[in-house]
Structure formats: C-alpha cells, structure tokens
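Peer 1: Just dropping this structure here.
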Amino acid sequence: MVYDEGMFKIAYFLIFALFAGCKAGQQTQANTKQCRPNIIFILADDLGYGEVGCFGQTKIQTPNIDFLARQGTLLTEHYSGSPVCASSRCSLLTGKHTGHAEVRNNREMGGWGPDETEGQLALSEGCDSIARTLQSCGYATGAFGKWGLGGPDTVGHPNNQGFDTFYGYLCQRVAHNYYPTHLWSNNEKDMLQGNEAWFSAHQRVESPPHSYEQYAAETYAPSVILDEAVSFIDTHADEPFFLYFASIIPHLALQVPDSELDAYPADWDSQPYLGDRGYLPHPRPRAAYAAMITRFDDEVGALYEALVNNGIEDNTLIVVTSDNGPSWIGGVDMNFFESQGGLRGRKAQLWEGGIKVPTVMYWDERLNHQVIETPTAFWDWYPTLATIAGCHLPENLDGIDLTPVLIENDDIEQRGLYWEFGKSMAFRNGDWKLLEFKQKDGVDVHLYNLKVDPSETTNLALQLPQQVELLQTQARAMRTESEIFPSFLDKR
C-alpha cells in the first residue's frame with residue numbers, strides 16, 4: 001500500500017468529523033487527542049460462527065453481545081487470520097495474511113510441565129503491529145488475556161510489540177488451565193492466591209467425577225484478567241486508549257465455576273466427559289461449555305459497563321470476534337450447539353467453519369445498525385483501526401481500510417483472501433473459494449461457489465478446470481516462502 005500524505009489528511013479529518021465523539025461545548029477544553037476514539041478489540045478463543053445469539057445460536061445465552069449487535073454492525077462474511085491461535089493473532093496484530101505473516105502456524109518453544117519454558121514462536125523485534133502504530137500516535141495501549149506470540153524475555157513479549165501494559169498468559173499451553181499458578185503482569189510473574197499446586201489441564205479418568213472441585217483452585221484466572229482490563233479503562237478514561245482483550249474463553253479445558261452451570265438444563269448431560277478426547281473431565285460438559293460462552297459474554301458486558309461508568313461509551317469503538325472456529329474435542333459437542341452455524345469444518349481446518357467467525361462492531365450512533373456481507377478478514381483491522389485513530393500506516397500491509405464500507409456502506413474492489421496452514425491452502429475471490437490439501441499421492445483440489453453453496457458441499461473442481469487454474473495463479477501470487485513454516489506450495 002502507498003499512502004498519499006494529502007489524501008491521508010483529508011481522510012483523517014473526514015473520519016474525525018464523523019466520529020470524533022466530542023460533545024458540544026467540550027471543544028474549548030478537549031483537544032484532538034482527547035476526542036480521538038477509544039478502541040476495545042475483544043477476541044474470543046475458539047468461538048464458533050454459530051455460537052452467539054445474533055448469529056443464530058438458540059441454546060447459549062449471549063445477551064451482551066446481542067445488545068451490541070442490535071445497536072451496531074454485523075460482519076457476516078468476516079474471516080479470522082488462521083484456523084489456529086498464534087497465526088490468527090499474528091495476522092490480526094500485524095495486518096498480514098498467512099502468505100506473508102511471520103507466524104503461520106502454532107509453534108511451541110517449550111513443553112507441558114510446570115518448569116518448562118513458556119511461550120510460542122516470537123514476533124520479530126522490528127515487526128510492525130497495530131499496537132505499536134497506535135502507541136506511536138498517542139494512544140495508551142493494553143493487552144489482557146492470552147498472547148501466544150512470544151514468551152518471557154523475548155522480543156515478542158507484548159511490551160516489546162507496542163503494548164504499554166500486559167496482564168495475562170504469555171503462553172498458550174499454560175492457558176489450557178483456567179487455574180494456573182501464575183499470570184504475567186508485564187515482565188513479572190503474578191502468583192495467584194490459592195493456586196500454588198500446579199496440575200495438568202489434560203487428564204483422563206475411568207469413572208465420572210462427581211463435581212469439578214478437584215480440577216479447580218481458589219483464583220479463577222479470567223476473573224483476575226477482567227479486573228485488570230477494567231482497571232486499565234478506569235486509569236486511561238481521560239485519554240485515547242487501545243484495549244486488546246484476548247479472552248481465553250471458550251478454549252478448553254472445560255473449567256467454569258459450578259454455580260454458573262445452573263443457567264443450563266441438567267438434562268442436557270446424560271453422560272459425563274471422562275477426558276478421553278483431551279483436556280479435563282467434567283460431569284456436565286454441555287452445560288459447562290455453554291456457561292463458558294456466557295461467561296465470555298459477561299466479560300463483554302463488564303467492559304461496556306466500565307465505559308458507561310466513565311462516561312466514555314459514546315466515544316469508544318468496540319469489536320467482538322473470535323480467533324478461529326470451534327473446537328471438536330475435549331468434551332465439546334459441536335452438533336448439539338450447531339456451533340459452526342451450518343458451515344463445514346471447525347478449528348484447525350480451512351473449511352468455512354474453521355475460519356469464518358462471528359463479528360460485531362459497536363460505536364454508539366456513529367456506526368449504523370447494519371449487516372455487512374462484504375468478505376473481510378483479520379488483516380483488515382490494522383489499517384482500519386489506525387485510520388479511525390488518525391495514525392499513519394506502514395506501506396507493506398495486506399489488509400485494506402474498511403472505513404468506506406463501515407461509514408457509507410460503499411463497495412470495495414473485489415480482491416483475493418488467502419490462507420495457508422500446514423498441508424492446506426485456501427483462497428477466496430468473490431464468490432469462489434479454492435482449497436488444496438496435500439496428500440501422500442498428490443494434491444486434493446476443491447472448488448466451491450460460496451454464494452450458492454456456503455456449506456461447501458459440492459466440489460466443482462473437475463467441472464471447472466479453468467476457474468481452478470485462474471484461482472491457483474492468483475493464490476500463488478499472494479504468498480512468499482517461509483523458512484520456518486515450509487509449505488507444499490514452495491518452489492523446489
């Protein structure tokens with residue numbers, strides 16, 4: 001991308017005039033910095049396309065997200081950066097799809113025990129990030145929840161990637177347990193009261209557990225993380241801030257206070273989960289999973305309430321979305337909840353159910369209540385949020401600024417959306433989607449028209465070889481090789 005200085009200034013002042021949020025009479029006391037919008041980006045962990053009410057869920061209660069959706073904007077064709085955690089977050093924060101991103105898959109840098117090195121592959125020292133850009137143009141920046149892009153004492157640590165404040169899990173593996181011995185407050189361990197005894201988040205039992213108490217401790221990590229995020233809002237209410245709230249919910253293990261299970265029927269669970277498909281056992285797995293998603297919804301509500309308490313809800317943009325599709329193991333029953341919303345696939349797959357994510361935007365009356373069906377993706381958030389904030393952008397982003405779509409509901413030029421993940425690749429351009437899967441005896445090619453076949457049921461690859469060839473050419477032009485994450489698409 002190349003940005004003209006004059007056009008950038010014009011675009012900024014147009015956006016500022018539309019969205020500044022300074023009430024009449026405040027201009028004499030509030031400068032431009034104070035009137036620039038706050039941004040709260042709320043990221044669920046493994047929340048499926050169909051697991052919130054405004055996207056069709058009927059069993060799980062999500063009143064706060066549904067409230068924001070009724071007042072705001074739904075993006076019904078929005079895609080995550082990847083079907084798994086680390087690469088999806090890299091795409092979100094750096095504005096690059098997995099054909100160019102530094103992190104293109106989960107890559108562990110330690111083991112599973114309590115004394116193992118924490119963290120995943122780190123972002124590089126010179127990496128451009130949305131946090132660094134917002135920080136450089138006057139925003140207070142805070143990240144809360146799960147990081148997964150660099151452990152302690154690495155250049156990938158959030159404090160080294162543009163975040164003034166971090167509180168939560170640096171390591172995705174540690175985040176499998178909702179009762180860890182510690183969380184991280186910037187570069188220091190915060191030892192959690194009553195959680196001194198480490199236990200594995202992956203256990204299997206032969207007989208049903210009678211309660212969940214044996215897989216719990218005193219301090220429930222999501223509660224502490226939420227408190228820290230609310231405190232960040234309270235502390236920075238008089239200046240523009242960017243709050244990246246990367247919840248660990250509803251990622252497994254199934255761990256939620258027993259008192260929250262009663263919101264869901266006891267007869268949902270005729271069979272306990274024994275841990276035989278990974279993670280911790282649970283006597284009421286369906287109720288626990290639903291309660292966890294409702295807990296995530298409560299987090300959304302608490303962050304919004306903090307804005308109201310500080311009188312800044314009318315000048316704060318809120319985005320709620322998910323890093324990838326739903327899990328299929330660990331006691332999760334995708335079919336019971338229709339978690340994919342009728343789509344094919346799930347987490348760790350490039351079918352629609354693995355990468356299409358429920359997405360809601362809310363900004364008081366500044367964003368119209370609307371449904372946007374334009375295909376968009378995680379790598380668009382960097383340029384979009386930076387533009388709204390009035391910040392200059394680097395020139396090498398894959399994403400585009402979505403403000404014309406959000407403000408005027410304008411069409412954007414048709415473009416390709418690209419993903420690669422292990423031995424698979426996906427590419428969408430318009431209504432067409434190409435998928436390729438490396439097999440032992442070659443490459444399995446799939447072609448779908450998503451307009452008429454959103455659930456990817458009818459493979460048209462053999463019928464339309466010219467369309468396949470066109471999309472293959474376009475897709476391969478959108479990637480560069482990675483030494484760390486080799487692909488079957490690499491030239492040999």
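Peer 1: Within 10 Å, count the other beta carbons around each residue, average over each peptide in 218-227, 464-473, 148-157, and list them highest first.
Peer 2: Working: 218-227: 17.8, 464-473: 14.3, 148-157: 20.7.
Per-residue Cβ counts within 10 Å, averaged per peptide and sorted highest first, yield 148-157, 218-227, 464-473.
Peer 1: Could you tell me the largest-minus-smallest coordinate of the C-alpha atoms of the stretch 208-267 on each of the three principal axes, in descending order and whole angstroms?
Peer 2: 51, 24, 18
Peer 1: At 10 °C and 1.306 mPa s, what whole-number value in µm²/s does Stokes-Einstein give for the translational diffusion of the stretch 332-486, with Rh from the Kirkwood sum over Cα pairs?
Peer 2: On the way: Rh = 17.6 Å.
This corresponds to a translational diffusion coefficient of 90 µm²/s.
Peer 1: If you don't mind, another one. Please compute the modelled spin-label separation between GLN71 and GLN414, points set 7 Å along Cα→Cβ, answer in nm with one decimal.
Peer 2: Roughly 3.8 nm, to one decimal.
Peer 1: Can you list the residues, at least 5 places off or on another chain, whose amide H is less than 5 Å from the amide H of VAL84, using H built in the peptide plane?
Peer 2: ALA348
Peer 1: Would you work out the relative contact order for the stretch 5-416, in percent, from Cα pairs under 8 angstrom that are 6 or more residues apart? Display every interim value, and only then the final one.
Peer 2: Working: 956 pairs, mean separation 116.6, N = 412.
This gives 28 percent for the stretch 5-416.
Peer 1: What value in Å³ per residue do you get for the convex hull of the alpha-carbon atoms in the stretch 265-328?
Peer 2: Values: hull volume 7.5 nm³, N = 64.
About 118 Å³ per residue, rounded to a whole number.
Peer 1: So how compact is the stretch 246-388: Cα radius of gyration and Dmax in angstrom?
Peer 2: 17.4, 51
Peer 1: Treating only the Cβ atoms of Lys and Arg (+1) and Asp and Glu (-1) as charged, compute the dipole magnitude of the chain about its Cα centre; round to the nearest 20 debye.
Peer 2: Numbers: 35 positive and 65 negative charges, 225 e Å.
Around 1080 debye, computed over the chain.
Peer 1: Here's a follow-up. Would you calculate a helix-derived [θ] at 222 nm for the chain, using -39,500 (n - 2.57) for each DSSP H run of n ≥ 4 and dividing by the full residue count, to the nearest 500? Write out the running numbers ahead of the final one.
Peer 2: On the way: 12 runs with 120 residues, N = 492.
So the calculated ellipticity at 222 nm is -7000 deg cm²/dmol.
Peer 1: Please sort through the DSSP H helices of the chain and keep those with an alpha-carbon extent of at least 24 Å along the long axis and a Kyte-Doolittle average not below -0.5. Walk me through the numbers on the way to the answer.
Peer 2: Details: long enough: 285-309 (35 Å, 0.17).
Membrane-span-like by this criterion, though nothing is claimed about a membrane: 285-309.
Peer 1: Next up: Using a Förster distance of 45 Å, how high is the FRET efficiency between ASN396 and ASP267, based on the Cβ-Cβ distance and rounded to 0.05? Walk me through the numbers before you get to the answer.
Peer 2: Working: r = 55 Å, r/R0 = 1.22.
My answer for the efficiency is 0.25.
Peer 1: Under 5 Å between amide hydrogens, which residues at least 5 positions from TYR273 or on another chain qualify, with H placed 1.01 Å from N in the peptide plane?
Peer 2: Result for TYR273 returns HIS282, ARG284.
Peer 1: Let me ask something else. Which of the peptides 178-187, 256-265 is most tightly packed, and how do the rest follow, judged by the mean count of other Cβ atoms within 10 Å per residue? Each step should come with its number before you reach the end.
Peer 2: Working: 178-187: 18.9, 256-265: 15.4.
Per-residue Cβ counts within 10 Å, averaged per peptide and sorted highest first, yield 178-187, 256-265.
Peer 1: Further, regarding this structure: Each residue of the stretch 274-282 in order: what ³J(HN,Hα) in whole Hz does its phi give by Karplus 6.51 cos²θ - 1.76 cosθ + 1.60, θ = phi - 60°, with x for Gly and Pro?
Peer 2: Karplus values, whole Hz, x for Gly and Pro: 9, x, 6, 10, x, 6, 8, x, 7.
Peer 1: Okay, next question. How long is the gain from VAL308 to THR480 if the chain were fully straight, where each residue apart is worth 0.36 nm and the alpha carbon distance is subtracted?
Peer 2: Numbers: separation 172, 0.36 × 172 = 61.92 nm, distance 4.53 nm.
Value of the extension gain: 57.4 nm.
Peer 1: Out of residues 5 or more away from HIS182 or on other chains, whose amide H comes under 5 Å of its own, with H placed 1.01 Å from N in the peptide plane?
Peer 2: Those qualifying (amide H under 5 Å, at least 5 residues apart or on another chain) are LEU192.
Peer 1: Also, quick follow-up: What does the highest-first list of 444-457, 345-358 look like by mean Cβ count within 10 Å? Walk me through the numbers on the way to the answer.
Peer 2: Details: 444-457: 15.7, 345-358: 25.1.
By packing density, highest mean first, the sequence is 345-358, 444-457.
Peer 1: Efficiency by 1/(1 + (r/R0)^6): what FRET value for LYS438 and MET191, r their Cβ-Cβ distance, R0 = 60 Å, to the nearest 0.05?
Peer 2: Working: r = 45 Å, r/R0 = 0.75.
The pair LYS438/MET191 has a calculated efficiency of 0.85.
Peer 1: Order these by the 10 Å Cβ neighbour count, fewest first: MET191, MET478. Don't skip to the end; give the middle numbers.
Peer 2: Values: MET191 12, MET478 17.
If I rank by nearby Cβ atoms, fewest first, I get MET191, MET478.
Peer 1: Hey, another quick one. How much of the calculated P(r) for the stretch 422-476 lies past 17 Å, in percent of all Cα pairs? Working shown, then result.
Peer 2: Numbers: 457 of 1485 pairs.
Across the stretch 422-476, Cα pairs with separations above 17 Å total 31 percent.
Peer 1: So if I average 1/r over every pair of distinct C-alpha atoms in the stretch 324-406 and take the inverse, what Kirkwood radius in Å does that give?
Peer 2: On the way: mean 1/r = 0.0664 Å⁻¹.
That comes to 15.1 Å for the stretch 324-406.
Peer 1: For LYS189, give me every one of the aspartates and glutamates with a C-alpha distance below 16 angstrom, ignoring sequence neighbours fewer than eight places off in its own chain.
Peer 2: ASP115, GLU116, GLU118, ASP153, GLU228
Peer 1: Okay, moving on. My understanding is that a pair violates if its Cα-Cα distance is over 28 Å; which of LYS59/LYS433; LYS59/LYS356; LYS347/LYS438; LYS433/LYS491 do that in this structure?
Peer 2: Numbers: LYS59/LYS433 31 Å; LYS59/LYS356 20 Å; LYS347/LYS438 18 Å; LYS433/LYS491 23 Å.
Table pairs above 28 Å Cα-Cα are LYS59/LYS433.
Values in this text are rule-based calculations from the coordinates and carry no lab data. Note that the structure is predicted; figures quoted are calculated from it, not measured. All Cβ positions, glycine included, derive from the backbone under ideal geometry; neighbour counts span all protein chains shown.
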